[in-house]
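**Student:** Let me give you the structure first, and then I'll get to my questions.
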Protein chains: 2
Amino acid sequence: MGKNLTKRSEDYSRWYNELVVKADMAENSAVRGCMVIKPYGFAIWEKMQAELDRMFKETGHENAYFPLFVPKHLFEAEEKNAEGFAKECAVVTHYRLKNDPDNPGKLIVDPEAKLEEELVVRPTSEAIIWSTYKNWIQSYRDLPIKINQWANVVRWEMRTRLFLRTAEFLWQEGHTAHATKKEALEETELMNDIYAEFAENFMAIPVIKGAKTENERFAGALETYCIEALMQDGKALQAGTSHFLGQNFARAFDVKFATQEGGLEHVWATSWGVSTRLMGALIMTHSDDNGLVLPPKLAPTQVVIVPIYKGEEQLKQISEVANELVQELKAAGISVKYDNRDTQKPGWKFAQYELQGVPVRLALGPKDLEKGTVELARRDTLTKEFVKREEVVEKVKALMTEIQDTLFEKARKFRDEHITEVDTFDEFKKVLKEKGGFISAHWDGTPETENRIKELTKATIRCIPFNGPKEPGKCVLTGKDSARRVLFAKAY
Amino acid sequence: MGKNLTKRSEDYSRWYNELVVKADMAENSAVRGCMVIKPYGFAIWEKMQAELDRMFKETGHENAYFPLFVPKHLFEAEEKNAEGFAKECAVVTHYRLKNDPDNPGKLIVDPEAKLEEELVVRPTSEAIIWSTYKNWIQSYRDLPIKINQWANVVRWEMRTRLFLRTAEFLWQEGHTAHATKKEALEETELMNDIYAEFAENFMAIPVIKGAKTENERFAGALETYCIEALMQDGKALQAGTSHFLGQNFARAFDVKFATQEGGLEHVWATSWGVSTRLMGALIMTHSDDNGLVLPPKLAPTQVVIVPIYKGEEQLKQISEVANELVQELKAAGISVKYDNRDTQKPGWKFAQYELQGVPVRLALGPKDLEKGTVELARRDTLTKEFVKREEVVEKVKALMTEIQDTLFEKARKFRDEHITEVDTFDEFKKVLKEKGGFISAHWDGTPETENRIKELTKATIRCIPFNGPKEPGKCVLTGKDSARRVLFAKAY
């Protein structure tokens, strides 16, 4: 199985597409640009959801659910947001199909069932949520509101790729309302920090925290904070965003509150989200030419046990030990699967679990029984060793942490080696072409220069990093004054 | 708060609507027929989801995600299913809005962005899923497939009511594929049993398991099994359904598999679902004129502690004991909230938690501190007692089970008292009018008679119960032969 994968060095993009499908993560559907997330891929997404949900609740957020549809007059209320999403939204215009009089068995849209007002399938929910918050907020006592929603959204992208850019995707979107600018800004930063913590500690993906430039901001936001990750091909991937929306949506939907001092003010807002796009980041950060590599915290199956046997009697003896191991590993909190199917050979199983990124594989044959050993293979390093039967559980427990850490460190090292400071535009182009990664360069702060660099190189400013160098300099393109370096990259 | 609710005896329907909104469960949105599920209501739904999801996985089902949209040609492939849902489906016809040249700031549908083929927003996912299964199934080795999806669906209902009937609702839909009819029928029954177990043991709602008549079957199913509950106003509510789809969808989408014996056969299918409608069943089974009554297993907060104090010093002393109680109750696995807000009076808090159905309320005042007692109030019985401080945790733990059981028994008694056997149509009408509930009566087995009874009385056959009496008799309307009694009722 794994052997049929295109190599990353040959065609990274093709490797990615093949891997997503062959590892049973997702596939394209009969609907243009929409994907089917298959059980194995969905099990990984569920682990991500559970951890994020826990982090959100721990920081005082509650879940709720708002409608899928946004009536057009609400959609257009916040002008910049509307402008940003109008070009790529699915629109419901009718509420009934009827039999086609000319083609028996076929259906057509019933022209008599036209909606009085069109409904936009939500590309994001600020509009519908702030039209609701208007009724919930009268006084400072009603604030803050800190709500998250797990939902599907639709953006009619023209060029789509599994997980990375799909017409429909799954995400969570937080929408909070605050009495002060300060509190809203703190929330924006807190949630960006939570995303960073999640990406690094749970997904083993190192990220850079920073602010977006005006060009790259969310439509309707005054500030967009983000976490940026680096993929193995040297392209950046925006892994999560947190927006400070100021009073824009409160103004658009007339949401005011009575202050403690007796005044009447517009409410301050934030929104923040991560999506199934993170699945793409996961794949492109850790996986290799043999298939998926999963950090233990995200692996639906952390350990697989494969018996190697001839005949029923051998299988019976091996199964006895294997089943003991299953019980012991489960008791240690490790998810384990004993694959004793007789429809597939061990070699096929090895390749399959390698392709699907199971962190640890244990193999048990007749010789192992004699010697009291187990063959242990690590997916991340592709190394094997023999472990004493009685030491397996402790060894595996330790490996769960070690593999998680190793994957993070490997990715961090790669990322750090791919942040290059440049001071001339020639260098900029050379590094971008030959090495890729993040380019740390001075920029004069104007959208025009940013656009020009994008036209010339396809690189965009990924972020103004919060923790980067802060000395002034000269813009790499225009030579004008620059307050500080920013990070450029080609991006997904 | 609670005092402002309409009484059930005055206007049951109004009581329900007020309760849903005032208890912060849900409210109507700006989109016709679509609801906003508020955090408190959503927290209850999340508990239901978690338990159902556990039960599904325990029985070998996996989660996945399929597209929101169904292209028209797939939607119309299974004729009966299409016919059943075409009359009430939301249709996406365009993928872009543009600026209205006549009205600055307004948007209109861009006529140049018309889809080549219309997309139906899924009212249910058999069509899109079976068009996918076609690619997943070649051989008996690929079977069974047992997948569940948590999703939103849209059915353009004309008359909507919060939770009970909304244009968009949340649900889970299981879709399984099997090699044999027997296996598919077993799955259909298993999932109906799981729904019954969930309703009774988790939601404390007694249900009757049975089969639907042809008239009431899911569009495209050969058999629909269901669980039927009885609401306090004597109307029935279908709380879950499980469908045996035969080979209908396999035929419509040409899904065949190579059998172990070398043949080629159509695959057998089931589908099954429960929805946010269960929230309506929950409310109408247990709640009273003071508000919501929640079984402990579903209560987001199982215990609330309210301090009764004058001045900071008293609050400090009370809080010391209260915080100890919080720690002890949490350690016992009970979700507890200490409401020490100084913005609201104890009386307001009492009414609020009564309205929201918190199962147990503890109140602590200066006299309690002196005596070493706590005042404990039960929401279900509205009774109060004083409990010794050191006995609180044991008492509350026991109450969690006791309240759960009491609610179920109370609802079961009510339901059992409202199953009436009748043998004449006059009796039928009299019981329906004066008492309501389920009417156990003979029926000649024809859709015509069923329809006629519906026209005359608004009662429908809720189910042919699996465990009801099985002796033959004469149809209550036509006097023709009847194999057995069935259950009629007016229904939500």
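The values are calculated or read from the model by the stated rules, or taken from the named source; none is laboratory data. Keep in mind the model is a prediction, meaning the values are calculated, not measured. Backbone-built Cβ (ideal geometry, glycine too); neighbour counts: all protein chains shown. The protein model used for the area step is the full one, side chains on, heavy atoms only, and it has no ligands, DNA or RNA in it. Shrake-Rupley method; radii C 1.70, N 1.55, O 1.52, S 1.80 Å.
**Student:** Which value, in Å², gives the accessible area per residue of chain B when a 1.4 Å probe is used on the protein heavy atoms?
**Tutor:** That works out to 42 Å² for each residue.
**Student:** Cα convex hull of the stretch A:419-489: how many Å³ per residue?
**Tutor:** Details: hull volume 5.1 nm³, N = 71.
For the stretch A:419-489, the hull spanned by Cα atoms encloses 72 Å³ per residue.
**Student:** Rounded, prolate or oblate: which fits the stretch B:2-286 when a ≥ b ≥ c are the square roots of the eigenvalues of the alpha-carbon gyration tensor, with rounded for a/c under 1.5 and prolate only if a/b beats b/c? Write out the running numbers ahead of the final one.
**Tutor:** On the way: a/c = 2.16, a/b = 1.14, b/c = 1.89.
The shape class here is oblate.
**Student:** I would also like to ask the following. What ranking of B:PHE218, B:PHE466, A:PHE428 comes out by heavy-atom accessible area, probe 1.4 Å, highest first? Walk me through the intermediate numbers first.
**Tutor:** Working: B:PHE218 30, B:PHE466 60, A:PHE428 0 Å².
Accessible-area ranking of B:PHE218, B:PHE466, A:PHE428, largest first: B:PHE466, B:PHE218, A:PHE428.
**Student:** Then there's this: List the lysines whose alpha-carbon lies under 17 Å from that of B:LYS470, not counting same-chain residues fewer than 8 positions away?
**Tutor:** B:LYS209, B:LYS212, B:LYS480
**Student:** Post the alpha-carbon centroid distance, the stretch A:364-430 to the stretch A:1-40, in whole angstrom.
**Tutor:** 23
**Student:** Under the Karplus relation 6.51 cos²θ - 1.76 cosθ + 1.60, θ = phi - 60°, what is the ordered set of whole-Hz ³J(HN,Hα) values for the stretch A:426-431, x standing for Gly and Pro?
**Tutor:** Each residue of the stretch A:426-431 in turn: 5, 4, 3, 5, 5, 4 Hz.
**Student:** Oh, and also: Could you name the lysines whose alpha carbon sits less than 20 Å from that of A:LYS349, not counting residues in the same chain fewer than 8 places away?
**Tutor:** Partners found: A:LYS3, A:LYS22, A:LYS38, A:LYS310, A:LYS316, A:LYS337, A:LYS367, A:LYS384.
**Student:** Moving on. Need one word for the stretch B:285-330: rounded, prolate or oblate. Basis is the Cα gyration tensor (sqrt eigenvalues a ≥ b ≥ c); a/c below 1.5 gives rounded, then a/b vs b/c decides.
**Tutor:** Oblate.
**Student:** Can you give me the long-range amide H partners of A:ARG32? Hydrogens built in the peptide plane at 1.01 Å from N, cutoff under 5 Å, separation of 5 or more residues or another chain.
**Tutor:** none
**Student:** On to the next question. Given axes a ≥ b ≥ c from the Cα gyration tensor, I'd like to know whether the protein assembly as shown is rounded (a/c under 1.5), prolate (a/b larger than b/c) or oblate.
**Tutor:** Rounded shape, in that the Cα axes give a/c under 1.5.
**Student:** If you take the Cα Rg of the stretch A:141-207 and divide it by 2.2 N^0.38 Å, with N the number of residues, what do you get?
**Tutor:** On the way: Rg = 15.4 Å, N = 67, 2.2 N^0.38 = 10.9 Å.
Computed over Cα atoms of the stretch A:141-207, the ratio equals 1.42.
**Student:** Can you work out ³J(HN,Hα) from phi for every residue in the stretch B:227-233, in order, using Karplus 6.51 cos²θ - 1.76 cosθ + 1.60 and θ = phi - 60°, giving whole Hz and x for Gly and Pro?
**Tutor:** With the stated coefficients, the stretch B:227-233 comes to 10, 10, 10, 10, 8, 5, 8 Hz.
**Student:** List the distances, in nm and shortest first, from the label point of B:GLU390 to the matching label points in every other copy, placing each point 7 Å from Cα along the Cα-to-Cβ direction.
**Tutor:** Between copies, matching label points for B:GLU390 lie 4.6 nm apart.
**Student:** Using amide H atoms built 1.01 Å from N in the peptide plane, name the residues 5+ places from A:VAL274, or on other chains, whose amide H lies under 5 Å from its own.
**Tutor:** Hits under the 5 Å cutoff: A:GLN172.
**Student:** Could you work out how far the C-alpha centroid of the stretch B:92-106 sits from that of the stretch A:63-142, in angstrom?
**Tutor:** About 13 Å separates the Cα centre of the stretch B:92-106 from the one of the stretch A:63-142.
**Student:** Let me ask something additional. Rounded to the nearest 100 Å², what is the sum over both chains of accessible area buried where B meets A, with a probe of 1.4 Å?
**Tutor:** Details: alone 22980 and 23000 Å², together 40910 Å².
Chains B and A together bury approximately 5100 Å².
**Student:** Can you list, shortest first in nanometers, how far A:GLN49 lies from the same residue in the other copies, with each label 7 Å from Cα toward Cβ?
**Tutor:** Distances to the matching label points in the other copies: 0.6 nm.
**Student:** Relative to the longest principal axis of the C-alpha atoms of chain B, give the angle of the C-alpha long axis of helix B:346-355, reported between 0 and 90° and rounded to the nearest 10°.
**Tutor:** The angle comes out near 20 degrees.
**Student:** Angle between the Cα long axis of helix A:392-417 and the longest principal axis of chain A, 0 to 90 degrees, nearest 10?
**Tutor:** Between the helix axis and the principal axis of chain A, the angle is about 50 degrees.
**Student:** Using θ = phi - 60° and the Karplus relation 6.51 cos²θ - 1.76 cosθ + 1.60, list the HN-Hα couplings for the stretch A:89-103 in order, rounded to whole Hz, with x at every Gly or Pro.
**Tutor:** These are the phi-based 3J(HN,Hα) values: 10, 7, 10, 8, 10, 9, 10, 6, 10, 9, 5, 7, x, 8, 9 Hz.
**Student:** For chain A, which whole-number percentage of the solvent-accessible area (1.4 Å probe, protein heavy atoms only) is attributable to carbon and sulfur atoms?
**Tutor:** On the way: 9780 of 20470 Å².
Heavy-atom surface of chain A belonging to carbon and sulfur, 1.4 Å probe: 48 percent.
**Student:** Then there's this: Give the nm distances, rounded to one decimal, from A:GLU18 to the matching residue in every other copy, measuring between label points 7 Å along Cα toward the beta carbon; shortest first.
**Tutor:** 6.8
**Student:** List the aspartates and glutamates whose alpha-carbon lies under 13 Å from that of B:LYS454, not counting same-chain residues fewer than 8 positions away?
**Tutor:** B:GLU216
**Student:** Right, something else. Would you please give the residues with an amide H less than 5 Å from that of A:ALA491, counting only those at least 5 places away or on a separate chain, with H modeled from the backbone geometry?
**Tutor:** Result for A:ALA491 returns A:ALA236, A:THR460.
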